[in-house]
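Trainee: One structure, pasted below without further comment.
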Amino acid sequence: MLDDAEVRRILVITAHPDDVDFGAAGTVAGWTDRGIEVTYCVVTDGDAGGRDMDITPADLVVARRAEQLAAAKCVGVSDVRYLGYADGTVEPTLALRKDLTRVIRQVRPDRLLCQSPDRNYARIGASHPDHRAVGSAAIDAVYPDARNPFAFPELLTEEGLTAWTVPEVWLMASPQADHCVDVTDNFDRKIAALRAHNTQTGHMTDLEDRIRGWLTHAAAQAGWPAGRLAEAFQVLQTP
């Protein structure tokens, strides 16, 4: 696994606004504190998410984009990109793979973080169909698409985007997690990022306790002492 000292740029690909904050905001905060450049790519605008039925989908898109920008600032991220796919209908198509390949070649990350394409029966809420579809397309964009100069040749001929090999992929919410990051010192920033998503978390009076419970469980599964908090990932070597 790459040492963080070897990593200059990280690309985070998620299905919805707030996905990265539930899954990895504490870890992202640690990365940016070390001077690593982190870019978010959000595939949908989250127009089908929320509890307020009086808000229009168009207004919800505006709100959720603003919320994600505010949440990103909480953990030191300023580069947030949207692909504009419809929430709730994402499939791992060639079109999505091309769009993600474009972003990978633009950002040229040393590490990519995305959602697991595998269903996690222990955390069914983390295995939304959009999450799994985006995870699958992101991994396909890493291998073979982004590194293959013959894949989507128009990205090179029309946009000047040369091939790029991502050496490492981290998966959120994987049923086969094998690496934990200590986020104890960044717990408050994770909660602040989640609270920024008011349309999604504004009604959660137990948000802090719920998140602390998840992170405490992950730390205990890793054999860490009481009081530590962890975010868990599956790490894939993809050189």
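The values are calculated or read from the model by the stated rules, or taken from the named source; none is laboratory data. Remember, predicted model here, so these are calculated numbers, not experimental data. Quick reminder, even Gly has a Cβ in these numbers, built from the backbone with ideal geometry, and neighbours come from all protein chains shown.
Trainee: Can you pull out the residues in region 18-55 that are at pLDDT below 95 and in contact with a strand residue (DSSP E or B) (Cβ under 7 Å, 6 or more places away or on another chain)?
Mentor: ASP45
Trainee: Give me the residue from region 19-50 that is among the acidic types (Asp, Glu) and farther than 19 Å from VAL181 by Cβ and, out of that set, surrounded by the most Cβ atoms within 10 Å (Cβ to Cβ). Steps first, please.
Mentor: First, the residues of region 19-50 that are among the acidic types (Asp, Glu): 19, 21, 33, 37, 45, 47.
Remaining after also requiring farther than 19 Å from VAL181 by Cβ: 45, 47.
On the way: ASP45: 24, ASP47: 21.
So, considering only residues that are among the acidic types (Asp, Glu) and farther than 19 Å from VAL181 by Cβ, the one surrounded by the most Cβ atoms within 10 Å (Cβ to Cβ) is ASP45.
Trainee: Go through region 155-170 and report how many residues are more than 26 Å from THR14 (Cβ to Cβ) and surrounded by fewer than 15 Cβ atoms within 10 Å (Cβ to Cβ). Steps first, please.
Mentor: Here is the first cut: in region 155-170, the ones more than 26 Å from THR14 (Cβ to Cβ) are 156-158, 160.
Then keep just the ones that are surrounded by fewer than 15 Cβ atoms within 10 Å (Cβ to Cβ); that gives 157-158, 160.
Number satisfying all stated conditions: 3.
Trainee: Quick one: HIS203 ticks every box in (1) in a helix (DSSP H, G or I); (2) more than 28 Å from ASP110 (Cα to Cα); (3) in contact (Cβ under 8 Å) with a residue 60 or more places away in the chain except a single one, so which number is it?
Mentor: (1)
Yes or no, residue by residue, for (1) within 17 Å of the chain's Cα centre (by Cα); (2) outside any strand (DSSP E or B):
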{"residue": "LEU11", "(1), (2)": "yes, no"}
{"residue": "ALA24", "(1), (2)": "yes, yes"}
{"residue": "GLY30", "(1), (2)": "yes, yes"}
{"residue": "GLY35", "(1), (2)": "no, yes"}
{"residue": "ASP47", "(1), (2)": "no, yes"}
{"residue": "ALA63", "(1), (2)": "no, yes"}
{"residue": "ALA71", "(1), (2)": "yes, yes"}
{"residue": "GLY76", "(1), (2)": "yes, yes"}
{"residue": "ARG81", "(1), (2)": "yes, no"}
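Trainee: So which residues in region 212-229 are without any contact (Cβ under 8 Å) to a residue 60 or more places away in the chain, outside any loop (DSSP other than H, G, I, E, B) and of a type outside the set (D, E, K, R)?
Mentor: GLY213, TRP214, THR216, HIS217, ALA218, ALA219, ALA220, GLN221
Trainee: Looking at ALA146, ALA122, ALA177, ALA126, which is the one that is modelled with pLDDT under 95 and touching a Phe, Trp or Tyr at 6+ places or on another chain (Cβ under 9 Å)?
Mentor: After applying the criteria, what remains is ALA126.
Trainee: Please verify whether ARG105 is charged (D, E, K, R), assigned to a strand (DSSP E or B) and at pLDDT 95 or above, treating the condition exactly as stated.
Mentor: no
Trainee: Another question, then. Looking for whichever is among the β-branched types (Val, Ile, Thr), crowded, with 16+ Cβ neighbours inside 10 Å, in contact (Cβ under 8 Å) with a residue 24 or more places away in the chain and farther than 24 Å from GLN237 by Cβ here; the options are VAL77, VAL134. Which one fits?
Mentor: Checking each option against the conditions leaves just VAL77.
Trainee: State which residue is nearest to the chain's Cα centre (by Cα) when the search covers only region 125-158 and only residues that are over 12 Å from ILE104 (Cβ atoms), of a type in the set (A, V, I, L, M, F, W, C) and part of a helix (DSSP H, G or I).
Mentor: Among those residues, the one meeting the criterion is VAL134.
Trainee: It is to be established whether one or more residues within region 218-229 are among the aromatic types (Phe, Trp, Tyr) and closer than 30 Å to ASP140 by Cα.
Mentor: Residues of region 218-229 among the aromatic types (Phe, Trp, Tyr): 224.
Cutting the leftovers down to closer than 30 Å to ASP140 by Cα gives us none.
No: zero hits.
Trainee: Further question on the same structure: Given the criteria among the hydrophobic types (A, V, I, L, M, F, W, C), under 20 Å from GLN234 (Cα atoms) and loosely packed, with under 15 Cβ neighbours inside 10 Å, does ILE124 qualify?
Mentor: Yes: the conditions hold for ILE124.
Trainee: In this structure, does GLN115 turn out to be farther than 22 Å from ALA193 by Cβ and modelled with pLDDT of 95 or more?
Mentor: On the way: farther than 22 Å from ALA193 by Cβ: no; modelled with pLDDT of 95 or more: yes.
Considered against the rule, which asks whether it is farther than 22 Å from ALA193 by Cβ and modelled with pLDDT of 95 or more, GLN115 comes out as no.
Trainee: Could you check region 202-239 and list, in sequence order, the residues that are out of contact with any helix residue (DSSP H, G or I) (no Cβ under 8 Å at 6 or more places or on another chain) and of a type in the set (Val, Ile, Thr)?
Mentor: Correct list: THR205, THR216, VAL235.
Trainee: Could you check, for region 184-201, whether at least one of its residues is farther than 28 Å from GLY46 by Cβ, surrounded by 13 or more Cβ atoms within 10 Å (Cβ to Cβ) and among the hydrophobic types (A, V, I, L, M, F, W, C)?
Mentor: no
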